[in-house]
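What follows is a set of notes on a single structure, which appears directly below.
The values are calculated or read from the model by the stated rules, or taken from the named source; none is laboratory data. Every value quoted in this text rests on a predicted model; they were computed, and no experiment measured them. FYI the Cβ positions are ideal-geometry reconstructions off the backbone, even for glycines, and counts take in every protein chain you see.
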């Protein structure tokens with residue numbers, strides 16, 4: 001089932017200064033989004049506007065994307081904000097203008113199903129990031145703030161493999 | 001997540017790992033004992049309280065986390081409703097950025113009369129490998145973990161809850177039945193560790 005809705009037509013994972021949500025996404029939609037990027041290394045970051053460490057690392061993620069875009073990195077953000085905080089999410093994106101697309105987790109269903117579908121070892125804490133290699137295989141998950149330097153070393157190793 | 005620790009260690013060796021690796025008490029295993037001082041200055045010992053209650057609900061909570069705060073009323077109401085059934089609810093605030101005075105004023109503002117403790121150095125959070133708030137653990141009189149996870153599945157609408165997981169676990173425990181769902185998950189705020 002196609003469960004990804006491109007509300008604003010921002011289907012590409014490689015945009016510049018994306019100021020609005022790219023759409024809503026559920027676990028299946030996320031799998032499809034990652035699959036479409038086969039050939040790229042993909043880092044999916046789960047965040048929320050109220051999550052202080054998420055906000056703190058957002059600029060670092062933007063720089064990480066910019067430094068490694070030409071080599072083939074694609075960062076994807078997924079907001080897990082409450083449904084009634086969607087305006088806050090849009091405001092946050094308008095202010096930050098991240099160079100990567102951000103989706104809002106689609107409302108409905110049990111959060112546990114979404115969490116387990118993303119990574120069975122994820123307990124639901126935010127932020128949380130998952131790294132996929134060029135073949136779309138999940139290679140690592142990061143609980144809490146992304147250790148940028150270590151993560152970038154790992155990303156560049158993956159990028160070095162065509 | 002807690003049941004995956006041994007697998008996690010193996011997975012780390014295979015370069016498939018999660019950054020935060022710790023040993024969490026599996027459901028059925030002994031709950032790590034701890035002693036803390038409540039925000040009103042009383043001594044608290046988990047092992048002592050577990051022996052004198054039918055269950056102790058250890059809740060990792062926050063004064064700032066929207067997910068934790070969404071459950072303030074439910075924590076208050078459940079703690080009150082289950083007190084007469086021999087169940088003790090306790091709150092542990094392990095966040096380094098929330099001090100005792102803040103925890104105290106937050107408790108008063110939300111009618112939390114159950115014991116609340118600061119966890120200096122997040123040592124208890126580390127013992128339980130508690131990663132986010134709110135997370136709850138149900139400990140039986142033998143000191144074993146019987147349930148771990150969320151209060152329910154619907155943080156946004158208490159009236160719309162369809163899976164009251166903590167309540168179900170407690171009711172099963174109190175009636176001598178096996179807990180059907182022993183581990184659950186929900187989104188939450190990372191515990192701010194030192």
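See the values below:
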{"item": "Within segment B:114-123, tally of residues that are without any contact (Cβ under 8 Å) to a residue 60 or more places away in the chain and over 14 Å from residue B:61 (Cβ atoms)", "result": "1"}
{"item": "Hey, residue A:118 more than 10 Å from chain B (Cβ to nearest Cβ) and touching a strand residue (DSSP E or B) at 6+ places or on another chain (Cβ under 7 Å) or not", "result": "yes"}
{"item": "Residue count, segment A:140-149 (criterion: in a helix (DSSP H, G or I) and either under 21 Å from residue A:51 (Cβ atoms) or within 7 Å of chain B (Cβ to nearest Cβ) (or both))", "result": "1"}
{"item": "Among the candidates B:140, B:129, B:157, residue that is surrounded by fewer than 24 Cβ atoms within 10 Å (Cβ to Cβ) and within 13 Å of the chain's Cα centre (by Cα)", "result": "B:129"}
{"item": "Selected residue [modelled with pLDDT under 95 and in a helix (DSSP H, G or I)] from B:9, B:21", "result": "B:9"}
{"item": "Hey, residue A:78 surrounded by 15 or more Cβ atoms within 10 Å (Cβ to Cβ), touching a strand residue (DSSP E or B) at 6+ places or on another chain (Cβ under 7 Å) and within 30 Å of residue A:162 (Cβ to Cβ) or not", "result": "yes"}
{"item": "Qualifying residue in segment A:83-101 (condition: within 14 Å of chain B (Cβ to nearest Cβ), buried (at least 17 other Cβ atoms within 10 Å of the Cβ) and touching a helix residue (DSSP H, G or I) at 6+ places or on another chain (Cβ under 8 Å))", "result": "no"}
{"item": "Scope segment B:168-194; condition in contact (Cβ under 8 Å) with a residue 60 or more places away in the chain, away from chain A (no Cβ under 12 Å) and outside any loop (DSSP other than H, G, I, E, B); matching residues", "result": "B:170, B:173, B:174"}
